[in-house]
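For reference, the structure discussed in these notes is given below.
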Amino acid sequence: MSPQHPPVLRRWPLAAAACCALLALLLAAAPAAANAPQPCLKLVFNRYCLGGSVNVVAQQQPPALRQDQGERVALVYYEGHDRVYVLAWRGAVYKVLRDHRIASRLHYEDLYQILRRKYGEGEDRSSFPEDASTPGRKQIAIRRGEGRAVHVWETDAGWHVELSWTRETGLALAYIADALNEQQAAATESGY
């Protein structure tokens with residue numbers, strides 16, 4: 001007659017296998033959780049969640065155009081004459097940019113005044129040639145690609161606002177998630 005194992009020892013291999021399977025599942029999900037979109041840092045233009053999931057944005061508002069390139073996603077929306085770009089990296093929205101079709105000094109100044117009233121003085125990061133000292137000459141320098149008007153408003157909430165007017169991008173207003181933007185920029189520079 002063979003000795004009988006106590007009931008606890010007979011169940012042990014099944015319990016150990018279940019624990020190992022659960023541990024493997026948790027370990028596999030850990031990197032995905034680390035890269036999961038963060039909660040909404042800012043609701044931009046009353047529609048787009050900065051820091052949130054790009055897939056949720058696309059489901060709630062199907063874009064006119066979607067471009068996927070590896071870990072990067074760009075959604076394009078047409079709002080009147082303007083275009084809105086929702087840019088994401090690893091599923092999280094790191095930038096929402098409105099490209100204004102009408103790029104003029106007056107339009108730039110109107111947007112600047114609205115942002116200044118809302119966010120304060122901000123920081124002027126413009127660059128112009130020395131001979132571009134008047135508004136008219138600055139506009140000419142921008143159109144020639146010799147100058148750029150850029151104003152930035154930093155916040156303590158993990159995002160900032162950037163108003164820019166350049167030859168390459170025209171007149172653009174962007175809301176940028178600081179940490180996500182830095183991570184995607186570092187990944188781009190390192191080639192990953």
*Bin all alpha-carbon pair distances of region 42-190 at 10 Å intervals from 0 and give each bin's fraction as a whole percent.*
11, 38, 35, 15, 2
*Set of lysines with alpha-carbon distance to LYS42 below 17 Å, sequence-local pairs under 8 removed*: LYS95, LYS118
*Mind checking the full-extension length gain between ASP178 and GLN59? Use 0.36 nm per residue of separation minus the Cα-Cα distance, one decimal, nm.*
40.4 nm
*Would you mind calculating the gained length between ARG101 and ARG117 on full extension (0.36 nm times residue separation, minus the Cα-Cα distance), in nm to one decimal?*
3.4 nm
*Apply the Debye scattering formula to region 44-107, with a single equal point scatterer on each alpha-carbon and no solvent, then give log10 I(q)/I(0) at q = 0.18 Å⁻¹.*
-0.61
*State the extension gain, in nm to one decimal, for the chain segment bounded by ASP82 and SER133, taking 0.36 nm per residue of separation less the distance between their alpha-carbons.*
15.4 nm
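Where a number appears in this text, it was derived from the coordinates with a stated rule and is not lab data. This structure is a prediction, so every number in the text was calculated from the model and none was measured.
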